[in-house]
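**Student:** Take this structure, written in structure tokens, and hold onto it; I'll ask about it next.
The values are calculated or read from the model by the stated rules, or taken from the named source; none is laboratory data. Owing to the predicted nature of the structure, the values given are computational and were not obtained by experimental measurement. We place every Cβ from the backbone using ideal geometry, glycine too, and count neighbours over all the protein chains shown.
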Amino acid sequence: MVQSGLAAIRRGLEGLERDGLRRARRVLDSPQGPAIVEGGRALADFASNDYLGLASHPRIRAAAHAAIDAWGFGAGASPLVIGHSRPHEEAEAAFARFTGLPRALLFPSGYAANLGILTALAGRSAEIFGDRLNHACLNDGAVLSRAAFRRYPHGDLGRLESMLAASKAAIRVIASDTVFSMDGDIAPVAGLLALAERHDAWLVLDDAHGIGVLGGGRGALAHAGIRSPRIVYMATLGKALGGYGAFVAGEPDLVEWLMQRARMYVFSTALPPAAAAVAAAALRLLEEDPGIVSSLGERIADFRRACMAAGIATASTTAIQPVIVGEAARAVALSARLRDAGHLVPAIRPPTVPEGTSRLRVSLSAGHTRGQVEALVAALRDALGDGAAR
């Protein structure tokens, strides 16, 4: 049985290799930053989600060192046993203030947070409605909840309203990314909230790629100007905020329920105190230096302007800029050509994106210079050559 199972795994791996879908890890020999060292070579880094360049910021490093000196590293236990320390408490209060929501709760990761939210809010008597392009963790959370799971066409509020109107479920949950991680477009969050209000539903918003980017850095809620006790707001610490972990914010009773019933919170060791301290430091940095977010906006504008001049199609207004090229093998080949030219841009392939929509995913950072962005676009123009993705 084991041998036949291993043979099936080998065939599966061979299939991934044949279809250009087998992935390999890179080994970096430098910290995260606008330029990194990989394979002994310096590369301009357009692959990282470190949108504000905080992962190696001096103030973030200093906060981590100070917290390790004061608190050690490991939390030692789950938060409800003895793993919740003063840095965790202070970080949760800081997140609530930063987002303008009543209460916040730290989670081990964004993936764990979304699984925790949906499995704690929904059960067999519930119905969850998810955007077709939602991140995998929202889909997995919906499946694990055992609720009926309905997916609506990307951004289609009319179809979503029809589905909500037909629902007879005792509990209804709308779940959506705010910034879609492979396309960089922004969800119609104000429209989603209006539907949640009209159809008595929770609205779960995953702001992993919006926090630090939208709304002057305060995220999608500030960008859209919305507030409601129906909103369950999740944002990660490992992207624009330069650290690790996630938080969920909302009404006090909602957060208390998650603390008591979200299995990913109850049964996971708490984040290291240093991770909580780093998160609080990142929020202070954003409040004291809003120019970091403005710098990101300038680089996005630089990229869009250069692409327009080069005849390269681009639609996103966020830090995520996809260049769709079609087949997986072509995306891999173009990524390799860009690396040869000194630019690290990942090829994104199925199952992360639908068949036929493989792409180069350009991630912009406040740490990039205009010159780096313009050099990337020139290399993209040369690599594309035949007019694909234009």
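**Student:** Looking only at helices (runs of 4 or more DSSP H) that fall completely inside region 235-296, which ones have 3 or more residues that are touching a Leu at 6+ places or on another chain (Cβ under 7 Å) and not assigned by TED's automatic domain parsing to the domain that holds residue 103? Break it down into steps so the answer makes sense when it comes.
**Tutor:** Working: elements: 252-261, 263-266, 273-288.
Counting at least 3 such residues, we get no helices (runs of 4 or more DSSP H) at all.
**Student:** Name every residue in region 299-334 that is more than 17 Å from residue 180 (Cβ to Cβ), crowded, with 21+ Cβ neighbours inside 10 Å and touching a helix residue (DSSP H, G or I) at 6+ places or on another chain (Cβ under 9 Å), in order of residue number.
**Tutor:** Listed by number, the residues that qualify are 299, 303, 307, 325, 334.
**Student:** Output yes when any residue across region 236-252 is closer than 24 Å to residue 121 by Cα, under 21 Å from the mean Cα position of the chain (by Cα) and among the hydroxyl-bearing types (Ser, Thr, Tyr), and no when none is.
**Tutor:** Within region 236-252, the first condition is being closer than 24 Å to residue 121 by Cα, and the residues that meet it are 236-237, 245-252.
From what's left, under 21 Å from the mean Cα position of the chain (by Cα): 236-237, 245-250.
Subsequent filtering for residues that are among the hydroxyl-bearing types (Ser, Thr, Tyr) retains 236.
The answer is yes; a qualifying residue exists.
**Student:** For region 258-268, which residues satisfy the criterion of being surrounded by fewer than 16 Cβ atoms within 10 Å (Cβ to Cβ) and out of contact with any helix residue (DSSP H, G or I) (no Cβ under 6 Å at 6 or more places or on another chain)?
**Tutor:** Step one: filter region 258-268 for residues surrounded by fewer than 16 Cβ atoms within 10 Å (Cβ to Cβ), giving 260-261, 263, 267.
If the condition is that a residue be surrounded by fewer than 16 Cβ atoms within 10 Å (Cβ to Cβ) and out of contact with any helix residue (DSSP H, G or I) (no Cβ under 6 Å at 6 or more places or on another chain), then 260, 263, 267 are the ones that fit.
**Student:** Pairs please, first residue from region 363-378 and more than 19 Å from residue 291 (Cα to Cα), second anywhere and of a type in the set (Asp, Glu), Cβ atoms under 7 Å, 6+ apart in sequence or on different chains.
**Tutor:** The qualifying pairs are 374/302.
**Student:** Has region 22-33 got at least one residue that is surrounded by 13 or more Cβ atoms within 10 Å (Cβ to Cβ), within 24 Å of residue 300 (Cβ to Cβ), aliphatic (A, V, I, L, M) and within 22 Å of the chain's Cα centre (by Cα)?
**Tutor:** No - not one qualifying residue is present in region 22-33.
Results for (1) within 18 Å of residue 35 (Cβ to Cβ); (2) of a type in the set (A, V, I, L, M, F, W, C), shown as yes or no for each residue.
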{"position": "284", "(1), (2)": "no, no"}
{"position": "294", "(1), (2)": "no, no"}
{"position": "309", "(1), (2)": "no, yes"}
{"position": "312", "(1), (2)": "no, yes"}
{"position": "336", "(1), (2)": "no, yes"}
{"position": "343", "(1), (2)": "yes, no"}
{"position": "346", "(1), (2)": "yes, no"}
{"position": "350", "(1), (2)": "no, no"}
{"position": "357", "(1), (2)": "no, no"}
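**Student:** Next question, about the same structure. Looking at region 38-59 only, could you name the residues that are over 28 Å from residue 277 (Cα atoms) and more than 22 Å from the chain's Cα centre (by Cα)?
**Tutor:** Result: 38, 39, 40, 41, 42, 43.
**Student:** List pairs: first residue in region 131-158 and under 19 Å from residue 169 (Cβ atoms), second residue acidic (Asp, Glu) and surrounded by fewer than 18 Cβ atoms within 10 Å (Cβ to Cβ) anywhere in the structure, Cβ distance under 9 angstrom, at least six positions apart or on different chains.
**Tutor:** Sorted first by the residue in region 131-158, then by its partner, the pairs are 131/156.
**Student:** Ok, one more. Residues 200, 183: which one is among the charged types (D, E, K, R) and surrounded by 21 or more Cβ atoms within 10 Å (Cβ to Cβ)? So that I can check it myself, show each step before the final result.
**Tutor:** Values: 200 fails: surrounded by 21 or more Cβ atoms within 10 Å (Cβ to Cβ).
After ruling out the rest, the residue left standing is 183.
**Student:** Just checking, does region 207-222 include any residue being in a helix (DSSP H, G or I), in the same structural domain as residue 114 (by TED's automatic domain parsing) and touching a strand residue (DSSP E or B) at 6+ places or on another chain (Cβ under 9 Å)? Lay out the reasoning, then the answer.
**Tutor:** Step one: filter region 207-222 for residues in a helix (DSSP H, G or I), giving 215-217, 220-222.
Remaining after also requiring in the same structural domain as residue 114 (by TED's automatic domain parsing): 215-217, 220-222.
Then drop every residue that is not touching a strand residue (DSSP E or B) at 6+ places or on another chain (Cβ under 9 Å), which leaves 220-221.
Yes, region 207-222 has at least one match.
**Student:** With the structure loaded, tell me whether residue 371 is in a loop (DSSP other than H, G, I, E, B) and either over 23 Å from residue 210 (Cβ atoms) or touching a Leu at 6+ places or on another chain (Cβ under 7 Å) (or both) or whether it fails that test.
**Tutor:** Numbers: in a loop (DSSP other than H, G, I, E, B): no; either over 23 Å from residue 210 (Cβ atoms) or touching a Leu at 6+ places or on another chain (Cβ under 7 Å) (or both): yes.
No: the conditions fail for residue 371.
**Student:** Got a sec? Which of 341, 375, 366, 301 is in contact with a Gly (Cβ under 7 Å, 6 or more places away or on another chain), at pLDDT 95 or above and either among the β-branched types (Val, Ile, Thr) or not assigned by TED's automatic domain parsing to the domain that holds residue 90 (or both)?
**Tutor:** Values: 341 fails: in contact with a Gly (Cβ under 7 Å, 6 or more places away or on another chain); 375 fails: in contact with a Gly (Cβ under 7 Å, 6 or more places away or on another chain); 301 fails: in contact with a Gly (Cβ under 7 Å, 6 or more places away or on another chain).
Just one listed residue meets the conditions, 366.
**Student:** I would also like to ask the following. Which of the residues that make up region 5-19 are outside any loop (DSSP other than H, G, I, E, B) and among the acidic types (Asp, Glu)? Give the steps one after another, and end with the answer.
**Tutor:** Start the filter on region 5-19 by keeping residues that are outside any loop (DSSP other than H, G, I, E, B), which leaves 5-18.
Matches in region 5-19: 14, 17.
**Student:** Return the total of residues in region 183-222 being aliphatic (A, V, I, L, M) and either over 23 Å from residue 116 (Cα atoms) or modelled with pLDDT under 95 (or both).
**Tutor:** Within region 183-222, the subset aliphatic (A, V, I, L, M) is 186-187, 189-190, 192-196, 201, 203-205, 208, 211, 213-214, 220-222.
Restricting the remaining residues to those that are either over 23 Å from residue 116 (Cα atoms) or modelled with pLDDT under 95 (or both) gives 186, 190, 194-195, 213-214, 222.
Residues that pass the stated criteria total 7.
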